[in-house]
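Coordinate-derived values only; no laboratory data. Values in this document were obtained by computation on a predicted structure and should not be read as measured data. Cβ placement follows ideal geometry from the backbone for every residue including glycine, while neighbour counts extend to all protein chains displayed.
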Amino acid sequence: MKKLKKIIKKTAKKAVKKAVKKVVKKTIKKVVKAGAKKVSKPKVQDAKYWANRPLNDKDRDWKTTGENWIEDYILSTDHPHRQLIVDALKELPIPVGILEMGCNAGPNLMNLRAEFPETQLAGFDVSEQAIEKAKEFLPNVILKVGDLRKIPFEDKSFDVGICDASLMYISLKEINQTLDEIDRVIRKTLVIVERVSEKEENNGYIWSRNYPKLLEERGYQVKITKLDENTWPHSKGWQEKGFVIVAQLPEKK
């Protein structure tokens, strides 16, 4: 009888251990699966995201001391890549009008106002909050809420257009429509800061594509400048794929 009890006890222990192992294994699988889902579904950043982005968003775009992401943009006027935009425009004949498409709270426009005080500046962005903040700092700049896919300005309104990290939120299906809109509004020159790749690529929330080829196919003459650790610090993505692209339409004879 004692021997039988020992056998029963030993068998019970084995059954308990097996059941516990099964539960632990199942739990681990759930945790791993949940973690994988979280990593594989990054936040999509499109026009809707930017238009409705809450001020208390924990994601921050610039290493500044702003109280929210919009103030971070205002405090990023001295980011090195912004000077490359100014330098590119200084090499051109003084433009009559400059439009920034996707200007956020206006850090580039603040720099351009200092460099081109007599030039008419304008900008638009899908974020109404960002535009309202920009108006506080840029009272003499035309500022509107608007979308790159349907630009809120008339045909051939500006000599120069600027897209600083804004086209990367435009999808594969909408990029040609967006470039059509830019062509409609801009007369001479387009300055783009974007991530360039040979083929259309999406890393889960932004696009990189062959902008020089796209623009050359539209008749632009293209000059490119590579970004590096000095012109875009703290971002391997921009250092690897980032370019400043100056695209000009040839003078009509």
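Please pick out the residue among Tyr211, Tyr205, Tyr220 that is touching a residue at least 60 places away in the same chain (Cβ under 8 Å) and among the aromatic types (Phe, Trp, Tyr).
Of the residues listed, the single one that is touching a residue at least 60 places away in the same chain (Cβ under 8 Å) and among the aromatic types (Phe, Trp, Tyr) is Tyr205.
Going through the stretch 145-180 one residue at a time, which ones are assigned to a helix (DSSP H, G or I), in contact with an Asp or Glu (Cβ under 9 Å, 6 or more places away or on another chain) and not hydroxyl-bearing (Ser, Thr, Tyr)?
Leu167, Met168, Ile175
Over 22 Å from Val222 (Cα atoms) and assigned to a helix (DSSP H, G or I), is that true of Glu136?
It is true that Glu136 is over 22 Å from Val222 (Cα atoms) and assigned to a helix (DSSP H, G or I).
Out of the residues in the stretch 69-122 that are of a type in the set (Asp, Glu) and more than 24 Å from Lys58 (Cα to Cα), state the one that is surrounded by the fewest Cβ atoms within 10 Å (Cβ to Cβ).
Glu118
Among the residues of the stretch 44-64, how many are closer than 14 Å to Asp125 by Cβ and part of a loop (DSSP other than H, G, I, E, B)?
The qualifying residues number 5.
Being farther than 9 Å from Met168 by Cα and in contact with a Gly (Cβ under 6 Å, 6 or more places away or on another chain) is the filter here, so list the residues in the stretch 187-219 that pass it.
Leu190
In the stretch 234-243, is there at least one residue being in a strand (DSSP E or B) and under 29 Å from Thr64 (Cα atoms)? Full working, then the answer.
Applying the first criterion (in a strand (DSSP E or B)) to the stretch 234-243 yields 242-243.
Retained after the next criterion (residues that are under 29 Å from Thr64 (Cα atoms)): 242-243.
Scanning the stretch 234-243 turns up at least one residue that is in a strand (DSSP E or B) and under 29 Å from Thr64 (Cα atoms).
Scan the stretch 230-239 residue by residue and report those that are touching a residue at least 12 places away in the same chain (Cβ under 8 Å), of a type outside the set (S, T, N, Q) and over 17 Å from Val86 (Cβ atoms).
Within the stretch 230-239, Pro233, His234, Gly237, Trp238 meet the criteria.
Looking at the stretch 189-218 only, could you name the residues that are under 22 Å from Leu92 (Cβ atoms) and either touching a helix residue (DSSP H, G or I) at 6+ places or on another chain (Cβ under 9 Å) or part of a strand (DSSP E or B) (or both)?
Listed by number, the residues that qualify are Thr189, Leu190, Val191, Ile192, Val193, Glu194, Val196, Tyr211, Leu214, Leu215, Arg218.
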